[in-house]
Amino acid sequence: MFDAAIASAQPALCVPANLPEPPCGRLIVVGAGKASAAMARAVEDHWSGPVSGLVVTRYGYGVPCKRIDIVEAAHPVPDAAGMHAAQRMLERVDALHEDDLVLCLFSGGGSALLPLPLSGIDLDLKQTVNRALLTCGATISEMNCVRRHLSAIKGGRLAAACHPARVLALLISDVPGDRPADIASGPTVADPTTCRDALAIVRRYGIELPRPVREILESGRGESVKPGDPRLARSTVRVIAAPQMALEAAARVARGAGIAAHILGDAIEGEARDVGKVFAGMALQIAERRQPFNAPCVLLSGGETTVTVRGSGRGGRNVEYLLALAIALGGHPRIHALAGDTDGVDGQEEIAGGLIGPDTLARAWSLGLQPKDSLDNNDGHGFFSALGDSLVTGPTLTNVNDFRAILIDHA
């Protein structure tokens with residue numbers, strides 16, 4: 001099911017059908033995200049006319065292209081390679097004409113891969129803010145609100161720089177609700193949020209901002225491009241792959257094996273450990289009470305949970321969810337589960353997620369592991385690595401957010 005979810009969102013499948021008609025002028029391709037290089041390759045493979053451009057992707061996610069430059073940079077904490085790529089991207093779209101078309105290819109990870117700071121702050125300050133956002137428990141929408149107001153390219157600024165050319169953005173969504181403003185922090189779409197909203201998020205999570213960063217937000221100098229701006233009049237977006245599509249592909253696999261599949265939601269958020277406890281309660285009710293579904297069945301869900309980091313472990317929101325789920329299930333003999341990020345990276349580890357079964361807790365105890373201690377230390381990756389139950393995919397070249405499946409067998 002996990003493989004089917006990833007396969008359904010491959011750029012080679014979803015990009016070609018969404019390519020535009022050739023423009024009268026030039027076609028310039030730009031983009032960012034973990035899927036952007038594979039998206040660029042799909043453009044090259046299906047575009048017969050002239051094309052040039054630049055996209056930036058995560059280290060290890062590059063795909064060879066002949067006409068579109070591929071740059072690799074750091075994620076989730078940005079680096080200088082991403083900053084320089086963003087600057088080059090703005091240079092590529094400078095001085096365009098009405099007959100030109102800018103095709104933008106964005107997917108999850110684009111925010112960190114386009115870290116071009118506003119005047120007055122540097123990359124070090126952006127990295128400091130980004131680290132704080134990643135560990136405070138903020139949702140992806142909240143994180144991207146702050147990022148948009150510190151960026152010289154996000155929050156509609158890229159599309160404004162393309163004016164008067166036409167802009168079409170093809171998006172592979174990795175955010176709950178598939179909101180274009182949150183996918184790569186919306187470089188080509190108007191931003192209804194404000195610097196005041198960003199400051200409220202900072203206060204909510206008790207983030208200490210460096211003085212230059214706070215000055216940008218308090219002065220309003222970081223205001224993004226707002227709805228109604230005439231520079232965005234010729235900018236459109238199209239979501240070409242999304243979490244719901246991936247969950248439906250997984251459900252087809254289950255049903256093909258004669259197991260009922262129930263999609264609980266494609267946009268589930270909240271603290272990962274809390275979501276794990278709730279899902280355990282649902283699974284136990286099915287296994288023991290046959291409510292609200294009969295077993296055998298599988299519960300599928302997507303979205304993006306959060307982790308408030310308090311320990312010193314190796315983290316990962318999917319493995320934190322899974323560890324909390326395993327503890328709450330208590331080794332139930334008929335329940336198995338998998339949780340993983342469809343981009344192949346859970347947190348900052350080259351591990352997608354993990355798997356649990358009825359013997360997970362017993363095997364952990366036999367190795368001297370204390371599951372609750374691992375959870376308290378935010379050490380899901382350490383826990384599942386020790387058991388040999390990590391889910392490792394390598395670069396998947398797409399990103400449609402988290403994938404969770406709980407299989408409840410019949411009595």
Exercise. On the given criteria, is VAL102 in contact with a helix residue (DSSP H, G or I) (Cβ under 8 Å, 6 or more places away or on another chain) and without any contact (Cβ under 8 Å) to a residue 24 or more places away in the chain?
Worked result: no
Seminar exercise, completed: Listed by range, helices (runs of 4 or more DSSP H) wholly within the range 1-100 having at least 1 residues that are closer than 24 Å to MET143 by Cα, polar (S, T, N, Q) and open to solvent by less than 40 Å² (accessible area, probe 1.4 Å) are 36-46
Exercise. Could you give every pair whose Cβ atoms fall below 9 Å, whose first residue belongs to the range 356-377 and is under 18 Å from ASP409 (Cβ atoms), and whose second residue is exposed (fewer than 12 other Cβ atoms within 10 Å of the Cβ), counting only separations of at least 6 or pairs across chains?
Worked result: PRO358/PRO333; LEU361/GLY330
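Quick grid of which residues meet (1) under 22 Å from the mean Cα position of the chain (by Cα); (2) not β-branched (Val, Ile, Thr):
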{"site": "MET282", "(1), (2)": "no, yes"}
{"site": "ARG289", "(1), (2)": "no, yes"}
{"site": "THR306", "(1), (2)": "yes, no"}
{"site": "GLY313", "(1), (2)": "yes, yes"}
{"site": "VAL319", "(1), (2)": "yes, no"}
{"site": "HIS336", "(1), (2)": "no, yes"}
{"site": "ASP343", "(1), (2)": "yes, yes"}
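Out of the range 226-260, which residues are over 26 Å from the mean Cα position of the chain (by Cα), over 30 Å from ILE408 (Cα atoms) and open to solvent by 70 Å² or more (accessible area, probe 1.4 Å)?
So the first thing to find is which residues in the range 226-260 are over 26 Å from the mean Cα position of the chain (by Cα), and the list is 228-231, 233-234, 255-260.
Those left that are additionally over 30 Å from ILE408 (Cα atoms): 228-231, 233-234.
Result: GLY228, PRO230, ARG231, ALA233, ARG234.
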Exercise. Within the range 175-213, how many residues are in contact with a strand residue (DSSP E or B) (Cβ under 9 Å, 6 or more places away or on another chain) and part of a loop (DSSP other than H, G, I, E, B)?
Worked result: 9
Exercise. Is there any pair with a first residue in the range 263-292 that is of a type outside the set (Ser, Thr, Tyr) and at pLDDT 95 or above and a second that is outside any helix (DSSP H, G or I) and exposed (fewer than 15 other Cβ atoms within 10 Å of the Cβ) whose Cβ atoms are under 8 Å apart and which are 6 or more apart or on different chains, and what are they?
Worked result: GLU271/THR308; GLN285/GLN291; GLN285/PRO292; ILE286/PRO292; ILE286/ASN294; ALA287/ALA411
Exercise. Do we find a residue being at pLDDT below 95, surrounded by fewer than 23 Cβ atoms within 10 Å (Cβ to Cβ), more than 20 Å from GLY265 (Cβ to Cβ) and polar (S, T, N, Q) anywhere in the range 130-146?
Worked result: yes
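Only one residue in LEU168, LEU150, LEU116, LEU125 is open to solvent by 10 Å² or more (accessible area, probe 1.4 Å) and in contact (Cβ under 8 Å) with a residue 60 or more places away in the chain. Which one? I'd like the intermediate steps shown before the answer.
Details: LEU168 fails: open to solvent by 10 Å² or more (accessible area, probe 1.4 Å); LEU150 fails: open to solvent by 10 Å² or more (accessible area, probe 1.4 Å); LEU116 fails: in contact (Cβ under 8 Å) with a residue 60 or more places away in the chain.
That would be LEU125, the only listed residue that is open to solvent by 10 Å² or more (accessible area, probe 1.4 Å) and in contact (Cβ under 8 Å) with a residue 60 or more places away in the chain.
I'd like to verify a number: residues in the range 261-283 that are among the small types (Gly, Ala, Ser) and either touching a Cys at 6+ places or on another chain (Cβ under 8 Å) or surrounded by fewer than 17 Cβ atoms within 10 Å (Cβ to Cβ) (or both), how many?
If we filter the range 261-283 for residues that are among the small types (Gly, Ala, Ser), which is where we start, we get 261, 265, 267, 270, 272, 276, 280-281, 283.
Within this subset, residues satisfying the condition of being either touching a Cys at 6+ places or on another chain (Cβ under 8 Å) or surrounded by fewer than 17 Cβ atoms within 10 Å (Cβ to Cβ) (or both) are 261, 265, 270, 281.
Final tally of qualifying residues: 4.
Quick test for you: out of GLU288, GLU223, GLU218, pick the one residue that is acidic (Asp, Glu) and either open to solvent by less than 30 Å² (accessible area, probe 1.4 Å) or touching a Ser or Thr at 6+ places or on another chain (Cβ under 9 Å) (or both). Don't jump to the end; show me each part of the working.
Numbers: GLU288 fails: either open to solvent by less than 30 Å² (accessible area, probe 1.4 Å) or touching a Ser or Thr at 6+ places or on another chain (Cβ under 9 Å) (or both); GLU218 fails: either open to solvent by less than 30 Å² (accessible area, probe 1.4 Å) or touching a Ser or Thr at 6+ places or on another chain (Cβ under 9 Å) (or both).
One residue alone meets the criteria, GLU223.
Of everything in the range 302-337 that's basic (Lys, Arg) and modelled with pLDDT of 95 or more, which residue is surrounded by the most Cβ atoms within 10 Å (Cβ to Cβ)?
The residue in question is ARG317.
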Exercise. Which one of the conditions (1) in contact with a helix residue (DSSP H, G or I) (Cβ under 8 Å, 6 or more places away or on another chain); (2) within 23 Å of ALA86 (Cα to Cα) does ARG166 fail to meet, given that it meets all the rest?
Worked result: (1)
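The values are calculated or read from the model by the stated rules, or taken from the named source; none is laboratory data. These figures come from a predicted structure and were not determined experimentally. We place every Cβ from the backbone using ideal geometry, glycine too, and count neighbours over all the protein chains shown. Protein only, heavy atoms only, side chains kept; ligands, DNA and RNA dropped before computing areas. Shrake-Rupley method; radii C 1.70, N 1.55, O 1.52, S 1.80 Å.
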